[in-house]
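What follows draws every value from the coordinates through simple rules; no lab data is involved. Since the structure is predicted, the reported quantities are computational estimates derived from the model, not experimental observations. Don't worry about glycine lacking a Cβ; one is built from the backbone with ideal geometry, like all the others, and counts go over all protein chains shown.
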C-alpha cells in the first residue's frame, strides 16, 4: 500500500493489555512510522482499558492515534466480557475448550477497522497482539485466521496489487516469553490492564489474570500491576 517497502508503516491495534503493549514496542522497532488504534466495544472493563490505552499512547508517542466504537459486539452479546449476566469464571490457565469470555468474531471487527485506517493512511502493515495461548485458543487468535483475513484485505483494498500484511509477532510466544520480550524492549507493564473484571485493582483470579501472573512468575519478573 506504500511504494517504498523499505520504510514500512504500521497501524497497531492497542487494547491496553500487556500483549498489545509488547506488540506496539515491536512495531515501533520495525517501522518507520506507527499509528495506534483502540476499539471500544462495550466490554465491562472498557473504561479501564481506555485508560491504559491512553497511558500507552502517551508513552510510545505514535504518529497518530484513533479511538473508535464497535457497539455491535455488545448488542450481539454472548460473552461474559460484554454481558454482566454471564459470570466470569475463576482463572484456569490450562482450561480446555473455548471459555465464556470469548467475544464472537471480535478480532475480525477490529481488523476491519484497522484495514480501513491503514488504507486511508497508506500504511502497509497492521499489527495485532493476538496470542494462541490466550483463552485456550480463541478461534480468532490463530495464525490461520490472520492468513485468511490478510488475503481478503488485500483483495478488498486499493490498489489492486496491495501487499498489506497482518503481523502477529507474539502469537506463538508463551506469556513468559512475552514478558521477557517486553522487559528487553522497555515496555511499561505498569500501564497495562489484563483483568476481565471491572475494578480499581486487577482481580488476580480470572483467566486473563491467571495467565498474566503465571507468565511473570515463569519469567522471573515481578508484575508491577496491583491486585486484590
Filter the stretch 164-180 down to residues that are out of contact with any strand residue (DSSP E or B) (no Cβ under 9 Å at 6 or more places or on another chain) and crowded, with 22+ Cβ neighbours inside 10 Å and give me whichever is farthest from residue 146 (Cα to Cα).
-> 179
Give the residues of the stretch 101-134 that are part of a helix (DSSP H, G or I), within 28 Å of residue 160 (Cβ to Cβ) and touching a residue at least 24 places away in the same chain (Cβ under 8 Å), sorted by residue number.
-> 107, 108, 109, 110, 111, 113, 114, 115, 117, 118, 119, 121
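Taking the stretch 181-195 on its own, how many of its residues are on the phi < 0 side of the Ramachandran plot and surrounded by fewer than 19 Cβ atoms within 10 Å (Cβ to Cβ)? Can you show your working first?
Initially, the stretch 181-195 is screened for residues on the phi < 0 side of the Ramachandran plot, giving 181-185, 187-195.
Now restrict to residues that are surrounded by fewer than 19 Cβ atoms within 10 Å (Cβ to Cβ): 181, 183-185, 188, 190.
Number satisfying all stated conditions: 6.
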Considering only helices (runs of 4 or more DSSP H) fully contained in the stretch 142-228, which possess at least 3 residues that are closer than 17 Å to residue 92 by Cα?
-> 207-219
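Which ranges mark the helices (runs of 4 or more DSSP H) fully within the stretch 6-96 that have 3 or more residues being surrounded by 14 or more Cβ atoms within 10 Å (Cβ to Cβ) and free of Cβ contacts under 8 Å to residues at least 60 places away in the same chain?
Details: elements: 18-30, 46-60, 72-76.
Passing ranges, in order: 46-60, 72-76.
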